[in-house]
Number of protein chains: 2
Amino acid sequence: MLAEIITIGDEILIGQIVDTNSAWMGKELNQIGVRVHQISSVSDAKEHIISALNEALERVDIVLMTGGLGPTRDDITKHTLCEYFDSHLVFNEEIFKDVEHLFHSRGRVVSPVNRAQAEVPAACTPLPNKQGTAPGMWFEKEGKIIVSMPGVPYEMKHLMQEQVIPRIKSKYELPIILHHTILTQGIGESMLAEKLVEFEDNMPEGFKLAYLPSPGMVRLRLSAFGLDRVAMEKTLLRLIETIKKVAADFIYGENEQQIGEIIGEMLLEKKLSISTAESCTGGFISHLLTRIPGSSAYFMGSTITYSYKSKTEVLAIPAELINENGAVSEEVVRLMADNVKKKLGTDCSIATSGIAGPGGGTPSKPVGTVWVAVSTPKGTSTHLLRLGDDRQRNIQVASETALNILRKRLMEESLD
Amino acid sequence: MLAEIITIGDEILIGQIVDTNSAWMGKELNQIGVRVHQISSVSDAKEHIISALNEALERVDIVLMTGGLGPTRDDITKHTLCEYFDSHLVFNEEIFKDVEHLFHSRGRVVSPVNRAQAEVPAACTPLPNKQGTAPGMWFEKEGKIIVSMPGVPYEMKHLMQEQVIPRIKSKYELPIILHHTILTQGIGESMLAEKLVEFEDNMPEGFKLAYLPSPGMVRLRLSAFGLDRVAMEKTLLRLIETIKKVAADFIYGENEQQIGEIIGEMLLEKKLSISTAESCTGGFISHLLTRIPGSSAYFMGSTITYSYKSKTEVLAIPAELINENGAVSEEVVRLMADNVKKKLGTDCSIATSGIAGPGGGTPSKPVGTVWVAVSTPKGTSTHLLRLGDDRQRNIQVASETALNILRKRLMEESLD
């Protein structure tokens, strides 16, 4: 079963917002065996919406649209679909009750503009939206499905989960799509490809391997399409095992795992706690650890020491040590890691000190110079990173690299 | 002048990655007066790429493609375009030198797989890529332009800035597109629309207003299309002034400004410094402040105090105060703000303590309960937020709301 997604809105085309809805919808649809054939982002113009819809309906059976539904004048999807289906707007009492309920719960009164949102094309089945004022709309035409949802991500997600996915599942008998992703670090795409030449030559029918490189890592995605879930899962498992053997040294996780999550699982399993002392990463390592649910079980706290005073006051780094070596130095970062560990009584710690940029570089310590210290019950190691000149990227790469150094050390040390 | 963007890759369609390239390209193209008509994301399949390219060329004069260029087997764009333009691959010595240079600078040797990347269709002008191994490709056909770039964002950005944008500008005489966005908080989309009814009724020809809601804020985007830059800028300025009068109480910034940047500018202007003491936000406020270049001038440091011990040890919060009121309480969050300010010797501070979820809620303090304290030279205020049950969203909304409370206080206090 194939679907297409049409996202409506000039704000996407001029780059004011990144369309994150499509990726989320693609993932959800895949899980029920619906493959997304194409995603099209179009402008807030009636003719454009209609031509995109016609093109999509020629290719697939399900078209999901988001955006262009809301209380304001720049919204156009509802009127366009009304015309497209040669229908007229009718006031829907139940939808209006939902709108009223939402407003009352927020202590606000319903305005005439919001009352108009309870008008929907007679040709559609309205889908109640508990998170906002614009209902979804479900149309059927010549055995095909067209659904329109608001573009606000949490309203769209609510409608997908509560209404659209269950209705699609009950209408069609769906095939099976399986994906498995293996996460690697420390090897480039081309080197990885050379290691996997034989593997790819022997790939069975219906299976596919893709390389997804991003700064500092390459994800390997295996996909399977078919009807026999048991057989597919068995083959997939065999393929995963082969990749794991061939690329063993470089694999650090699977599927959507984040490094903060992997570290969290290791710490929980080993009953270890952690703290961080961050300078150039400015709290981002702490954020990567604490955005994981349940992280309070092993994450005790951090000190973000941007100024000299905070380094001396909070972390008791001697002023002489900073004056002699500079704040961005092996000596200072090592003591930061050791002292935060003592101060917060944790088993492990990570410390960073560097020049994130764009200013602050010197000939001997250019922008992108970052010292990392990683401490475990077995001791403290220090690492020098030489990154680029993009501040945001330096913060991110330094944070992820530091966490990965800790992951490797915890793994090696548990083998001792 | 109209353009379309085609992004190639199954990883986009199955939702494994969010396509951020298109938004970035849309913004860059707009700035030179090229309007993006449509963005299409298609699969790694020859027929699909060709049909999307044909459809786009029927609608516009410029088609920019990203993805499906790289050293591995799943890459298909180069071969597809070679066939499309009825061309053949030729080995390009200069491109190969670039690849060699890149590998040598990273201390690696060129593999046969990478050597093949220096083969490009004879029909194209290869665009040298200093950031990676796959060159861009520039084709012209019947007065139209087709460009293919790798999908890795920093490689694509480099090629756009160094090659594609300058070449488009020199080939066409381009019209003018202007945008201006006004950022509002504290008012819903429909209420804002009611305030702007008259404004919209009197909107001049060639101008457009759009409402872009996202959690906790609504952005108002004014767009202008035309040929007379001076007249357009004058009208736009007048429209901006009108909106600023009508919605004065709710406007906090303009265009792409981030709250961390706005706070930073205010602190610099007032010569004030800041620190944070974060519990539930886990370092995210600190990150929002420190990702701004130059933030070390006013940001001194933070304490992330997740555990009781870190609250008592680092911030000297009395254990009795926590036992009596709970860590998530007005009393504790107020003392956190006051003590971090003293400890790091700053003029301002922000503290947070809450239940980000999904676990940890109680009947009296459900998930989403967050206490915020904001301290300035004029004193400390406390604020109770009642957020939802999504951890990541709670961390984000609590952080941005806390920064906005500080912004409002700094603004009010400078009027005293």
Along Cα→Cβ, 7 Å out, is where each label goes; now give me the distance between the ones at B:VAL197 and A:LYS144 in nm to one decimal. 3.9
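Could you compute the net charge surrounding B:GLU142? Neighbours are other residues with a C-beta less than 12 Å from the C-beta of B:GLU142; K and R count +1, D and E count -1.
Details: positive: B:LYS141, B:LYS144; negative: B:GLU58, B:ASP61, B:GLU140.
With Lys, Arg at +1 and Asp, Glu at -1, the net is -1.
Can you pick out the pairs among A:LYS141/A:LYS171; A:LYS341/B:LYS341; A:LYS365/A:LYS408; A:LYS27/A:LYS208; A:LYS342/A:LYS365 whose Cα atoms lie more than 19 Å from each other?
Values: A:LYS141/A:LYS171 14 Å; A:LYS341/B:LYS341 23 Å; A:LYS365/A:LYS408 27 Å; A:LYS27/A:LYS208 17 Å; A:LYS342/A:LYS365 29 Å.
In this structure, A:LYS341/B:LYS341; A:LYS365/A:LYS408; A:LYS342/A:LYS365 exceed 19 Å between Cα atoms.
How large is the helix-only mean residue ellipticity at 222 nm for the protein assembly as shown, computed as the sum of -39500 (n - 2.57) over DSSP H runs with n ≥ 4, divided by its residue count, in deg cm²/dmol to the nearest 500? Spell out each step's value before the answer.
Values: 34 runs with 344 residues, N = 832.
After summing the helix terms and dividing by residue count, I get -12000 deg cm²/dmol.
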Using the Cα gyration tensor of the range B:1-68, the equivalent ellipsoid's semi-axes, largest first and to the nearest Å, work out to 20, 15, 7
When chain A is turned about an axis onto chain B, which of its residues keeps its C-beta closest to that axis, and how many Å is it? A:GLY283, 2
Theoretical gain in end-to-end length, A:GLN131 to A:LYS27 [0.36 nm per residue, Cα-Cα removed]: 35.3 nm
Where the range B:1-130 is the region considered: accessible area per residue in Å², 1.4 Å probe: 39
The range B:217-269 to the range A:199-267: how many Å between their Cα centroids? 47
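Could you give the size of the charge dipole of the range A:63-138 about its Cα centre, using +1 on the Cβ of each K and R and -1 on the Cβ of each D and E, expressed in debye and rounded to the nearest 20?
Working: 7 positive and 9 negative charges, 68 e Å.
Roughly 320 debye for the range A:63-138.
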Identify, among A:ALA3, A:GLN392, B:ALA356, the residue whose Cα sits farthest towards the positive end of the charge dipole of the protein assembly as shown, taking +1 on the Cβ of Lys and Arg and -1 on the Cβ of Asp and Glu, with the dipole about the Cα centre. B:ALA356
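Are there trypsin sites (Lys or Arg not before Pro) in the range B:22-66 that DSSP puts in a loop and that have at most 12 other Cβ atoms within 10 Å, and which ones? Intermediate results must be reported in sequence, preceding the final value.
Details: sites: B:LYS27, B:ARG35, B:LYS46, B:ARG59; in loops: none.
When the trypsin sites (Lys or Arg not before Pro) of the range B:22-66 are filtered for loop state and at most 12 Cβ neighbours within 10 Å, nothing remains.
Could you compute how much accessible area chains B and A hide from each other, both sides summed, with a 1.4 Å probe? Nearest 100 Å² is fine. Don't jump to the answer; show the numbers that get you there.
Details: alone 20690 and 20720 Å², together 34010 Å².
Chains B and A together bury roughly 7400 Å² of accessible area.
Relative contact order for the range A:194-318: what is it in percent, counting Cα pairs under 8 Å that are at least 6 residues apart? Show your work: numbers first, answer last.
Numbers: 105 pairs, mean separation 20.1, N = 125.
Across the range A:194-318, relative contact order equals 16 percent.
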Set the Förster distance to 22 Å, then compute FRET efficiency between A:ALA248 and A:HIS383 from the Cβ-Cβ distance, nearest 0.05. 0.50
Do any trypsin sites (Lys or Arg not before Pro) in the range A:311-414 lie in a DSSP loop with no more than 16 other beta carbon atoms within 10 Å, and if so, which? A:LYS378
To the nearest 10 square angstrom, what accessible area does A:MET232 show with a 1.4 Å probe? 10
Compare the Cα positions of A:VAL42, B:HIS79, A:THR382 along the charge dipole of the protein assembly as shown (+1 at Cβ of Lys, Arg; -1 at Cβ of Asp, Glu; about the Cα centre) and return the one farthest towards the positive end. A:THR382
Taking only protein heavy atoms into account and a 1.4 Å probe, give the accessible area per residue of the range A:226-318 in Å². 42
With charges set only on the Cβ (+1 for Lys and Arg, -1 for Asp and Glu), what does the dipole of the range B:354-416 come to about its Cα centre, in debye to the nearest 20? 100
Can you give the convex hull volume of the alpha carbon atoms of the protein assembly as shown per residue, in Å³? 182
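Scan chain B and report its longest stretch carrying no GluC sites (Glu not before Pro) that are both in a DSSP loop and have at most 14 other Cβ atoms within 10 Å. Intermediate results must be reported in sequence, preceding the final value.
Values: sites that count: B:GLU142, B:GLU173, B:GLU205, B:GLU256.
Here the longest run is B:257-416.
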What does the copy distance list look like for B:ALA45, label position 7 Å along Cα→Cβ, in nm and ordered from shortest? 3.0
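Using Cα pairs closer than 8 Å and at least 6 residues apart in sequence, work out the relative contact order for chain B, in percent. Walk me through the numbers before you get to the answer.
Values: 736 pairs, mean separation 40.8, N = 416.
Answer for chain B is 10 percent.
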How big is the charge dipole of the range B:254-407 about its Cα centre, in debye rounded to the nearest 20, if each Lys and Arg gets +1 on its Cβ and each Asp and Glu gets -1 on its Cβ? 240
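Report the FRET efficiency, 1/(1 + (r/R0)^6), for A:ASN54 and B:SER105, where r is their Cβ-Cβ distance and R0 is 35 Å, rounded to 0.05.
E between A:ASN54 and B:SER105, to the nearest 0.05, is 0.10.
The values are calculated or read from the model by the stated rules, or taken from the named source; none is laboratory data. Please read these numbers as outputs of a predicted model, since none were measured by experiment. Note that each Cβ is placed from the backbone with ideal geometry, even for glycine, and that neighbours are counted across all protein chains shown. Ligands, DNA and RNA are excluded from the accessible area calculation, which covers all protein heavy atoms including side chains. Shrake-Rupley method; radii C 1.70, N 1.55, O 1.52, S 1.80 Å.
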